[in-house]
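**Student:** Structure in structure tokens, see below.
We did not get these values from a lab; they are worked out from the coordinates using the rules stated. In this text the structure is predicted, and so the values were computed from the model without any measurement. Note: ideal-geometry Cβ built from the backbone for every residue, glycine included; neighbour counts use all protein chains shown.
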Amino acid sequence: MVKKFLKNLFSKLKFNPFARKSHVKLGLYGPPNGGKSTLANRVCLDWLGEEMSSVSHIAHETREIKIKEQVNIKNKKGKELTFSLVDTPGIATKIDYEDFLKRGMKKKEAKARAKEATKGVIDSIKWLDEMECVVVVLDATKDPYSQVNITIIGNLQARNIPVLIAANKIDLKRANMDVIKAAFPQYEIVGVSAKYGKNLEEFYEQLFKVAK
């Protein structure tokens, strides 16, 4: 009776601690080249009609935190979810400027890129404390049992942050959803192709379940 009374009371006020959170800070995390920025662009195109970030086949294209405010999505039942979409730099345990040299960059540019990428990794980890929900974007064609993935998942578990795993690139023949599911059985996992927009409806439905 008391709880019902309080709910009715708070429902008449602007602040209602019993209300379902309708606006959350949603972070996209994962290793480099997993498809975070491609997924961010897909979400923004679907619901805002514009892209969010530039993408590249070279790792660490995103080296700064990027935020798109007021992304509002709806599910099949007509419920709405509004969130700030945070696209983060890819997390790596080692960044070597020589890797960029192999991609055709000059030494000065490669060193600058490596320095920016390193700072981006640090910023990504720091921003975890700001996140209310995280989508971990993994390349479904690669081994999920990597040090980077374990580091990301470990940090999320330590902070008790709700997680949805998006196994990206399922349009490729090498994609293996079974391996991803076996690696992280404690989380909801949805296979998507951010590039071609495949299975995005299921992805959005899962977002509603996780961001509650």
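**Student:** Would you grab the residues whose amide H sits under 5 Å from the one on V192? Only those 5+ places off in sequence or on another chain, please, with H modelled 1.01 Å from N.
**Tutor:** A167, N168, K169, I170
**Student:** Let me ask something else about it. Among T38, T88, T82, which comes first, second and so on when ranked by fewest other beta-carbon atoms within 10 Å?
**Tutor:** Result, fewest neighbours first: T82, T38, T88.
**Student:** Then there is this: Contact order normalised by length for region 102-212, with contacts defined as Cα pairs under 8 Å and 6 or more residues apart; what percent is it?
**Tutor:** The value is 24 percent.
**Student:** Under the rule of at least 5 residues apart or a separate chain, name every residue whose amide H is placed under 5 Å from the amide H of C133.
**Tutor:** Those qualifying (amide H under 5 Å, at least 5 residues apart or on another chain) are K25, G27.
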